[in-house]
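What follows is a single structure, written as structure tokens, with notes after it.
Just so it is clear, none of the values below were taken in a lab; they were calculated from the coordinates. Everything numeric here is computed off the predicted structure, so don't read it as measured data. Cβ coordinates were reconstructed from backbone atoms using ideal geometry, including for glycine residues, and neighbour counts include every protein chain displayed.
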Amino acid sequence: ACLGLEGQENKEIELEIFLPDELKHFQLATGMQAKSLVKGRFTLKAKNYAELIDAPFELAEQTRFSFEANGIPHEFVVSGKHAMNAARMQQDIEKICATEISMFGSAPFTDYTFMTMATGNSYGGLEHPNSTSLISPRDDLPKANEPEEPSKDYQRFLGLCSHEYFHSWLVKFIRPENFVNYDLNREGYTSLLWIFEGFTSYYDDLILLRSGVINQESYIALLKAQIDRYLQNPGRAIQSVSESSFDAWVKFYRQDENSNNAGTSYYNKGCLVALCLDLGLRLRGSSLDALMRR
Ligand SMILES: [Zn+2]
């Protein structure tokens, strides 16, 4: 949480961080403009309050590497206990980023930072305009002897990276109208999460295939898992994807034992809507890619 000053939301913000002596060796990762002239002291800058609260920063002992995708500098940062094969990670993430930038033709950022916290079995991610904050089981990171075709665990992590990165375009750049100027005093409702999360869920695995990071057989298995999940969800006949989107605050993020009977997932069903739409467009000589680029 970041406290805000009412009436000063548009002012430039500078954030100074001083680390205590015992933590001075910590490194910083963030999408914000940052500099450090003295060890253990960092100055971060945000253009306004909206930029500040949409750019997390992490201070930790980190494993990191840098690379360029279509000329854009990227940082990949991992913290927590892990034994990631960094060379393999870099090889695959470079392909994923380049494939997504090429698909859209350009990127809505001038630099990008992946921040991953390796844990026992927590999983999740959150998108930001030029960064993402990921939580992943350490076993999902590529191993020293990772086979050429990524393990199911590693595929899951690659899918998470691909998903959150895709959100820089779809959610952060292309977004529902009432997400343009958030009213932070109340929940923001939209019936369109099936597009924003569903289409992103369709593309996250598809990008892995297109970038050559996984093969066709693995991709079909991932698609099959989505279809199986859909068929095992009785709630799909009761709740539409737009209702599921609108009720996200009170239902999707408050799952109970009856959720699968009474509701559907705008991620899962939205992904399959995207698949059907793409196939339909392709039969008519166009594609969902063409629609996304418009
Ligand atoms: Zn998402």
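Mean separation of Cα pairs under 8 Å and 6 or more residues apart, divided by the residue count, gives segment 239-294 a relative contact order of 30 percent.
Here the Karplus relation 6.51 cos²θ - 1.76 cosθ + 1.60, evaluated at θ = phi - 60°, turns the backbone of segment 254-267 into coupling constants of 9, 5, 9, 5, 9, 4, 5, 7, 9, x, 10, 9, 5, 6 Hz, with x for every Gly and Pro. In percent, what relative contact order does the chain have, based on Cα pairs under 8 Å that are 6 or more apart in sequence? Answer for the chain is 13 percent. For segment 1-60, the alpha carbon convex hull comes to 83 Å³ per residue, rounded to a whole number.
In summary, segment 114-204 shows an alpha-carbon radius of gyration equal to 1.25 times the 2.2 N^0.38 Å reference for compact globular proteins. Across segment 18-32, coupling constants 3J(HN,Hα) worked out from phi with the 6.51/-1.76/1.60 Karplus curve, θ = phi - 60°, read 10, 8, x, 3, 6, 10, 5, 7, 4, 9, 10, 9, 6, x, 6 Hz, and Gly and Pro carry x. In segment 78-150, one over the average inverse separation of all distinct C-alpha pairs is 13.5 Å, which is the Kirkwood hydrodynamic radius. Work from the charge dipole of segment 39-145 (Cβ charges, +1 for Lys and Arg, -1 for Asp and Glu, about the Cα centre) and give the residue of 79, 66, 124 farthest towards its positive end. In segment 39-145, that residue is 79. Taking the centroid of alpha carbons for each part, segment 210-240 and segment 149-180 are 16 Å apart.
Relative to the current alpha-carbon distance between residue 36 and residue 119, full extension at 0.36 nm per residue lengthens the span by 27.1 nm.
The alpha carbon convex hull volume per residue for segment 17-142 rounds to 123 Å³. Only alpha carbons enter this Debye calculation for the chain, each as an equal point scatterer, and the log10 of I(q)/I(0) it gives at q = 0.08, 0.15 Å⁻¹ is -0.38, -1.33.
When you restrict to C-alpha pairs under 8 Å that are six or more residues apart and normalise by the size of segment 175-294, the relative contact order lands at 34 percent. Take the alpha carbon gyration tensor of segment 175-294, find the square roots of its eigenvalues, order them as a ≥ b ≥ c, and report rounded if a/c is under 1.5; if not, report prolate when a/b exceeds b/c, else oblate. Oblate, since a/c reaches 1.5 and b/c is not below a/b. Rounded to the nearest Hz, the phi-derived 3J(HN,Hα) couplings of segment 242-250 under the Karplus curve 6.51 cos²θ - 1.76 cosθ + 1.60 (θ = phi - 60°) are 6, 5, 4, 5, 5, 8, 3, 4, 9, where x marks glycine and proline. For the pair residue 185 and residue 240, the difference between a 0.36 nm per residue extended length and the Cα-Cα distance amounts to 17.0 nm.
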